[in-house]
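Heads up, the thing below is written out as structure tokens.
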Amino acid sequence: MDTLVEIQDVTKVINGRTIIDSVSFEVKKGEVFGFLGPNGAGKTTTIRMLVGLISITSGDIKVLGSSISTDFEKAVSQIGAIVENPEMYKFLTGYQNLIHYARMSKGVTKEKIDETVELVGLVDRIHDKVRTYSLGMRQRLGLAQCLLHDPQILILDEPTNGLDPAGIREIRDHLRMLARERGMAVIVSSHLLSEMEMMCDRIGIIQNGKLIDVQHISDFVQGKEKVYEAEVDDPAKAQRLLKNKYPELPVQITENRMLLPLVRDSIPEMIKDFVQADIKIFAVREVTKTLEDRFLEVTEYKGGAEHDRTDSK
Amino acid sequence: MTGLIQNEWMKVFRRPGTYVMIGLLLIMTTVAGAFIKYQESGGTVPDNAEWKRGLQTQNESYKKQLEEMGETVPRDMKEQYQREIALNEYRILHDISPNEEYSVWGFVSDTSQLIEFAGLFTIIIAGGIVASEFSWGTIKLLLIRPLKRVKILGAKYITVILFGLMLLAVLFGYSALLGGLLFGFPEKAVPYLYYYNGTVEEQSMGFHLIAYYGLKSINMLMLATMAFMISAVFRNSSLAIGLSLFLMFMGGQVTRLIAMKYDWAKYSLFANTDLLQYFEGVPMVQGMTLGFSIIMIAVYFLLFQALAFYVFNKRDVSA
């Protein structure tokens, strides 16, 4: 897979405060990269640097090999972005808004505009004033605005902010489709974990301006080892039993439940053992370790020391 | 670049406020026309057979006053009198009566007072054109296009100037049309007399009015440039509009007050924007010349532009 965006050791200092501290990552073709962090961690700042809205103190950002700071026009022509809310000219119609942005890029034809409008499903309302649009429609218009010039990279800052579940789903489907079918690299930021889990291939977790982890979503969600929760009448006995069989297994006990990280295939075995030992089983269920757990784990562990740092927003 | 200007033009003209401005300008011109028409029908052109003698007596009294006051005469009063005397003498010599009938030219000249309003509206547009993008939040989508920021700002400034010129053209065109309808065109072309550097010269009325409009609008264009600069630097349209309007109404007065006492007032922008002072009046500070004023205007213009472009280009857009 080829790399479309390279963030190389980027640092941003504003008024002597380091807002972003040597962040590096890369985003590949056809991939949805999630940028995750609590409010004020530096997501938006990083995204603004990515699109050249704010300058980079040190380090560089390369878009298909062109630097955003020294070769802005070339680099940014491959980027379509919504930074925070898709703010459009409310006194213009959706179509006039698109014409406006089409004039600012080279070679965007009328047909291309119509095609994009159709893609985002705004055909019926495109000639109405943006003032009358719902948030979901504005978000779709924002997406249309990004796609006009056929960029290879899509950058969306909090794309699902304020949308209802249907709207969120719609955006998610769009993004997946664009990454899969058009091979675009998509960078989204969010503080909504469940959201990211469904949308992204990889996520970078940022806290206090530092990128503390980059992981494949599948590493947590589709990993072989999962945590199972068993509800039994005598957890102590069950634990002893398991200890004999799997001495290494870290079993956690809470009242009459126990949490055990196990491979799926060994579950029937375990049940059989329990039954033979005359332990009553009320339930055995899989506890999916969510991104949220992972996120809290990571941020607490690595960022705890600097807890008193203020937000940079 | 044309696309960018088209964009800005669209954003100006898709807002109802713009039409209110143009409407107000037309209404004010119409009201002025109706008022003058109503007044005119009351009186007739004074009997003008004796105008030469009238001018002669006027000149004699001017000269007498100048002689009587001798050294104590204020500089601007002296120059004013000298100008009047020269113009009167020229009229007597070339047989040009000062009692011309009120016609379209008089009306266009009178309504040139409304340039101040055209200036006000241009300042409102200039003050908002950059700052609004920030307050709407649209600046974020505007600056992530494959275009240098300088180009985007340049297109905005050109749009402001075009808007100002359009208002002037509307004002000039409409008052010429209305004046022509209400007061008619003069039967024979009356030349306009102007006094510059101690000599009197003739000029065609149409040319004079266009030049007059041009000179009068310098003030407005400079203030619009200033409003544009404040808008780009401080991202605050109220500040840009408020400060520029305040200076538009007060700048000239304050500079005049300072000029009475201090010579350095001549370096103020407002001492220089009125180039008419060299043709029709007396320079605000002694020793000021047309060339000096043009240089000062250029210096201020470059200063405003440099500030606007420098700050806009460097700015971190994080609002």
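The values are calculated or read from the model by the stated rules, or taken from the named source; none is laboratory data. Since the structure is predicted, the reported quantities are computational estimates derived from the model, not experimental observations. Glycine also receives a Cβ, built like all others from the backbone with ideal geometry; neighbour counts cover every protein chain displayed.
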Identity of the residue in the stretch B:155-175, among the small types (Gly, Ala, Ser) and either surrounded by 18 or more Cβ atoms within 10 Å (Cβ to Cβ) or in a loop (DSSP other than H, G, I, E, B) (or both), that ends up farthest from the other protein chains (Cβ to nearest Cβ):
B:175
Among the candidates A:92, A:98, A:119, single out the residue that is surrounded by fewer than 18 Cβ atoms within 10 Å (Cβ to Cβ) and either facing another protein chain (nearest Cβ under 10 Å) or of a type in the set (A, V, I, L, M) (or both).
A:119
Assess whether residue A:110 counts as being of a type in the set (D, E, K, R) and either in contact with a Lys or Arg (Cβ under 8 Å, 6 or more places away or on another chain) or more than 8 Å from chain B (Cβ to nearest Cβ) (or both).
yes
Looking at B:150, B:108, B:200, B:190 in this structure, which one is more than 14 Å from chain A (Cβ to nearest Cβ), part of a helix (DSSP H, G or I), in contact (Cβ under 8 Å) with a residue 40 or more places away in the chain and of a type outside the set (Ser, Thr, Tyr)?
B:108
Taking the stretch B:266-319 as the region of interest, how many residues are assigned to a helix (DSSP H, G or I), hydroxyl-bearing (Ser, Thr, Tyr) and exposed (fewer than 14 other Cβ atoms within 10 Å of the Cβ)?
1
Name the residue that is farthest from the other protein chains (Cβ to nearest Cβ), counting only residues in the stretch A:7-60 that are assigned to a strand (DSSP E or B) and out of contact with any strand residue (DSSP E or B) (no Cβ under 9 Å at 6 or more places or on another chain).
A:17
Inspect all residues belonging to the stretch A:97-107 and state whether any of them is under 14 Å from residue A:142 (Cα atoms), part of a strand (DSSP E or B) and β-branched (Val, Ile, Thr).
no
Which condition breaks for residue A:86 when tested against (1) more than 24 Å from residue A:195 (Cα to Cα); (2) free of Cβ contacts under 8 Å to residues at least 60 places away in the same chain; (3) of a type outside the set (Lys, Arg); (4) in contact with a helix residue (DSSP H, G or I) (Cβ under 7 Å, 6 or more places away or on another chain)?
(1)
Looking at the stretch A:133-164, which of the residues that are among the acidic types (Asp, Glu) and crowded, with 20+ Cβ neighbours inside 10 Å is farthest from the other protein chains (Cβ to nearest Cβ)?
A:158
Of all residues in the stretch B:117-146 being over 27 Å from residue A:77 (Cβ atoms) and among the polar types (S, T, N, Q), the one that is modelled with the lowest pLDDT:
B:135
Could you check how many residues of the stretch A:69-83 are at the interface with another protein chain (Cβ under 7 Å from one of its Cβ atoms) and surrounded by fewer than 24 Cβ atoms within 10 Å (Cβ to Cβ)?
2
For the stretch A:165-280, which fully contained helices (runs of 4 or more DSSP H) count at least 1 residues that are polar (S, T, N, Q) and surrounded by 16 or more Cβ atoms within 10 Å (Cβ to Cβ)?
A:235-245
